[in-house]
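Step one of this worksheet: look at the structure below.
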Amino acid sequence: MTTLLDALHNAASLLISLDPDVMQYALRSLYIALVSTCLASIIGVPLGLVIAERSFAGKRAIVTVLNTLMGLPTVVVGLFVYSFISRHGIFGGLGWLFTVRGIIVGEVVLITPLVTAVTLAAVTRRDRAVRRASLSLGASETQALGDVFLESRFGILAAVIAGYGRVVGEVGVATILGGNADGFTRTLTTAIVLDTEMGFFARALALGIVLLALSLSINILFQFLQGGGRGQ
């Protein structure tokens, strides 16, 4: 209990004083999470729409693979991407290993299947009825797909929120691809791991509280946007 109270006190002190290290870790974590989520959404949302809309051989197998990849261990993704961007990898010449860009690539690989699968599920629930109604009213295939997207927008937003939630507290990819270099690639999660290993438990818990606050604030924003859309 004493340790928790110390952590709360330290977290308040770190936030009130705008501790440079904590602000740096928080901003870097937020940047990585938002950019990764945006890129994964740009890939995953259209992909989920297309898979839901089209009938083709192997569709069931693709859905099964996507559902499996939703729970893929983060360290496996980290090692997979590492093999491509390390010095001897195919993309080693880009110099992205142990950089923020490298972390973002790994996070995009991690959450794109999640965004795609949740989008697919959201669209599938509305696809047939909405598409049939749109086509019966004279809409083109493209217009019908647009109508399906609009009717499924809250489920698609949920997919984006799920992707953000998965990536903001992620540590495996960030550690393997970022290297936890202070001033360059250290995030809140990797800083928490380091402080815990060094025995700075109160500071680690304080950073965890900051991470929770960061995650909560963005999710409140997402929920506000989602609720505002429903109210229109």
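The values are calculated or read from the model by the stated rules, or taken from the named source; none is laboratory data. Because the structure is predicted, anything quoted here is derived from the model rather than measured. So basically every Cβ, Gly included, is an ideal-geometry build from the backbone, and we count neighbours across all protein chains shown.
For segment 151-167, the condition holds for at least one residue, the condition being that it is closer than 30 Å to Gly48 by Cβ and over 22 Å from the mean Cα position of the chain (by Cα).
Yes or no: Arg87 closer than 19 Å to Val115 by Cβ, exposed (fewer than 14 other Cβ atoms within 10 Å of the Cβ) and charged (D, E, K, R)? It is false that Arg87 is closer than 19 Å to Val115 by Cβ, exposed (fewer than 14 other Cβ atoms within 10 Å of the Cβ) and charged (D, E, K, R). Any chance segment 78-90 includes a residue that's touching a residue at least 40 places away in the same chain (Cβ under 8 Å), part of a loop (DSSP other than H, G, I, E, B) and within 19 Å of Ala174 (Cβ to Cβ)? No, because not a single residue in segment 78-90 is touching a residue at least 40 places away in the same chain (Cβ under 8 Å), part of a loop (DSSP other than H, G, I, E, B) and within 19 Å of Ala174 (Cβ to Cβ). Of all residues in segment 170-196, those being within 19 Å of Asn219 (Cβ to Cβ) and either hydroxyl-bearing (Ser, Thr, Tyr) or modelled with pLDDT under 90 (or both) number 2. The lone criterion from (1) in a helix (DSSP H, G or I); (2) at pLDDT below 90; (3) farther than 17 Å from Val22 by Cβ left unmet by Gly199 is number (1).
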